[in-house]
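A.B. asks: Input: one structure, supplied below.
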Amino acid sequence: MKVLLIGGGGREHALAWKISQSKKVHSIYCIPGNGGISEIADCVNIDIHDLGGLVRFTKQEHIDMVVVGPENPLAIGIVDHFEEEGIPIFGPRKKGAQIESSKVFAKNLMEKYNIPTASFKVFHNYQNAYDYVNEIGAPYVIKADGLAAGKGAYVIKDNNEGKMVLRNVMLDRIHGDAGERVIIEQFLPGIEASYLAFTDGKSILPLLASQDHKPLLDYDKGPNTGGMGAYTPIPFIDNRMEIEINSTIMKRTIDALKSEGADYTGVLYGGLMIMEERKPYVIEFNARLGDPETQPILFKMQSDIVQVIQSCIDGNLDETKTIEWREGVSICVVIASRGYPEKSEKGIIIKGLDDLKNRKDVMVFHAGTKKRGNDFFTAGGRVLGVTAIGETYSDAIKKVYDAVSCIKFEGMQYRKDIGAKALSYLEK
Ligand SMILES: Nc1ncnc2c1ncn2[C@@H]1O[C@H](COP(=O)(O)OP(=O)(O)O)[C@@H](O)[C@H]1O
Ligand SMILES: [Mg+2]
């Protein structure tokens, strides 16, 4: 079968790599793809928001299955569009994708269906929001309702800062229409975890719990990014907690969406806060796989992902009981270009990739790269995700940083503490 993958980051390289292992698949196309993906798929340059153009390409190439990586095409209804054309596609329709594209939609759903989350209020009016933060005082969290490329949520520790954020988001509209409404919610202290599951709208098939690292610098300092690294599994998420997350959050949310007339197919991503008394709360939902979490997770996945995706599309996911995983701990360290996340350099040659090619325990997934001849060059932003599997957390940390040390490009920046949190949880 022929598979078309939409997107061009590390998540999509991991997906392309995993899809390429399926016996069912003989060719893969990727729009737009990247340097690494171009080694296993035909990369085609079409704007991923041009739904008409994407459908034309899919028909012309007789594609059998479309897999969507990023949130933006989902938010504008790529799945509805392809379904109308009778083309099998993996992802939620526009209505269900609102769980990510509108935080107000997600919070209202959680409130209505008793899914554990921080208490909140919605504001359309700057003055009302201003009066409210004066009344409650810090700490609290302000969030723009719409998609803001991971930059629309602000944890407020000081009320003056909170007022400035309200002004920027609601009056100056630094996130555009995404700031038309804001949520002001209770600050939840705890440990964050990403919990992802495949779903056909009726049952769920969970992936391994993982932990992202959003801030640019070690020990969670510096500005927020798209994610600088991730590892899986998480030591404190045991079987009992997984059962609780599956029932009180993941399955309940899928059922809630169904009750609201939004049959949800694809991946549901729960961004969770595990509170002091080991209670999981939802911070946000995403309507797709996370990046970088997908990289260490898929590196551990042994089952055929295409078969799982097919049963989500066909509505018989309940026939797949579990996913088989490779033993061990998987860690991904993201290497970004100089200047990221504000701006970033491109066009710089990357050295050392060949040395890592045939290691059983190491994979380098590409994000912002371009291939020219036999060489790879940076294309800005996050450039590579170096992923390694080890027997223990310490072993995986050693392996992944050993691999990172083989890679060289001018201005490269990466965190040196990915995985360290897992060690600290183990000590407690
Ligand atoms: N209620 C909350 N309590 C504590 N921290 C929060 C809360 N909501 C969000 N955060 C922090 O802000 C980050 C971004 O918020 P999130 O809702 O995930 O928005 P987005 O990913 O769309 O930017 C979270 O990863 C978390 O670190
Ligand atoms: Mg988030």
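A.B. asks: Quick one: if you stick a label point 7 Å off each Cα along the C-beta vector at E410 and E391, how many nm between them?
C.D. replies: If labels sit at E410 and E391, their model points lie 4.3 nm apart.
A.B. asks: Give me the percent relative contact order of the chain, please, defined on Cα pairs under 8 angstrom at least 6 residues apart.
C.D. replies: 17
A.B. asks: A further question on this structure: Among residues other than G347 whose Cβ falls under 15 Å from its Cβ, what is the net charge (Lys/Arg +1, Asp/Glu -1)? Intermediate values should be presented prior to the final figure.
C.D. replies: Numbers: positive: R338, K343, K346, K351, K370, K371, R372; negative: E345, D375, E410.
With Lys, Arg at +1 and Asp, Glu at -1, the net is +4.
A.B. asks: Where the only charges are on Cβ atoms (+1 Lys, Arg; -1 Asp, Glu), what is the dipole of the chain about its Cα centre, to the nearest 20 debye? Let's see the in-between values first.
C.D. replies: Numbers: 52 positive and 57 negative charges, 128 e Å.
Dipole about the Cα centre, nearest 20: 620 debye.
A.B. asks: By per-residue mean of other Cβ atoms within 10 Å, what is the highest-first order of 232-244, 352-364, 60-72?
C.D. replies: On the way: 232-244: 16.8, 352-364: 15.2, 60-72: 19.5.
For the peptides 232-244, 352-364, 60-72, the packing ranking is 60-72, 232-244, 352-364.
A.B. asks: Return the FRET efficiency for the residue pair K351, K428: r is the Cβ-Cβ distance, R0 is 45 Å, and the value is rounded to the nearest 0.05. Don't jump to the answer; show the numbers that get you there.
C.D. replies: Numbers: r = 40 Å, r/R0 = 0.89.
According to the calculation, E is roughly 0.65.
A.B. asks: Let me ask something additional. Once the piece of chain linking L217 and Q60 is laid out straight, how much longer is it, given 0.36 nm per residue of separation minus the C-alpha distance between them? Don't skip to the end; give the middle numbers.
C.D. replies: Details: separation 157, 0.36 × 157 = 56.52 nm, distance 4.54 nm.
Between L217 and Q60, full extension yields an extra 52.0 nm.
A.B. asks: Can you give me the % of accessible surface on segment 319-422 that is carbon or sulfur? Probe 1.4 Å, all protein chains present, nothing else counted. Numbers along the way, then the final one.
C.D. replies: Details: 2440 of 5070 Å².
Summing carbon and sulfur atoms, their accessible area is 48 percent of the total for segment 319-422.
A.B. asks: Quick check: pseudo-label points 7 Å beyond the Cα along Cα→Cβ at S259 and I191, how many nm apart are they?
C.D. replies: In this crude spin-label approximation the distance works out to 3.2 nm.
A.B. asks: Under 16 Å between alpha carbons, and skipping anything fewer than 8 positions from K408 in its own chain: which aspartates and glutamates qualify?
C.D. replies: Output for K408: E345, D354, D355, D375.
A.B. asks: Still on this structure: Say each of T322 and E244 gets a label point 7 Å from the Cα, pointing the same way as Cα to Cβ; how far apart are those two points in nm?
C.D. replies: 2.2
A.B. asks: If we sort 111-124, 17-30 on the protection proxy, mean other Cβ atoms within 10 Å, highest first, what's the order? Write down the numbers at each step before the final one.
C.D. replies: Values: 111-124: 15.4, 17-30: 17.7.
Sorting 111-124, 17-30 by mean packing, highest first, produces 17-30, 111-124.
A.B. asks: When ligands, DNA and RNA are left out and all protein chains stay put, how many square angstrom of accessible area per residue does segment 1-147 have with a 1.4 Å probe? Don't skip to the answer; put the middle values down first.
C.D. replies: On the way: 5950 Å² over 147 residues.
Per-residue accessible area for segment 1-147 comes out at 40 Å².
A.B. asks: Could you report segment 167-316's accessible area per residue, 1.4 Å probe, as an integer in Å²? Don't skip to the end; give the middle numbers.
C.D. replies: Numbers: 5310 Å² over 150 residues.
Normalised by residue count, the accessible surface of segment 167-316 is 35 Å².
A.B. asks: While we're here: Want the number for H49 to R278: 0.36 nm per residue separation, take away the alpha-carbon distance, what's left?
C.D. replies: 78.4 nm
A.B. asks: Separate question: Calculate the length of the line joining the C-alpha centroid of segment 376-394 to that of segment 1-68, in whole Å.
C.D. replies: 21
A.B. asks: May I ask you to list the residues of segment 219-234 whose amide nitrogen lies under 12 Å from a point 7 Å from Cα along the Cα→beta-carbon direction of E342?
C.D. replies: 223
A.B. asks: Also, I was wondering about something else. Which Cα, out of V364, F82, G201, lies furthest along the positive dipole direction of the chain (beta carbon charges, K/R +1, D/E -1)?
C.D. replies: Going by the Cα projections, it comes out as V364.
A.B. asks: Oh, and also: How large a share of the accessible area of segment 1-109, in percent, is made up of carbon and sulfur atoms when the probe is 1.4 Å and the other protein chains stay in place? Please report the intermediate quantities before stating the final value.
C.D. replies: On the way: 1860 of 4020 Å².
The nonpolar share, carbon plus sulfur, comes to 46 percent.
The values are calculated or read from the model by the stated rules, or taken from the named source; none is laboratory data. Quick caveat: nothing in here was measured; it's all calculated off a predicted structure. A quick note on method: Cβ atoms are made from the backbone with ideal geometry, for glycine too, and the neighbour counts reach across all protein chains shown. Areas reflect the complete protein model, heavy atoms only, side chains present, ligands, DNA and RNA absent. Shrake-Rupley method; radii C 1.70, N 1.55, O 1.52, S 1.80 Å.
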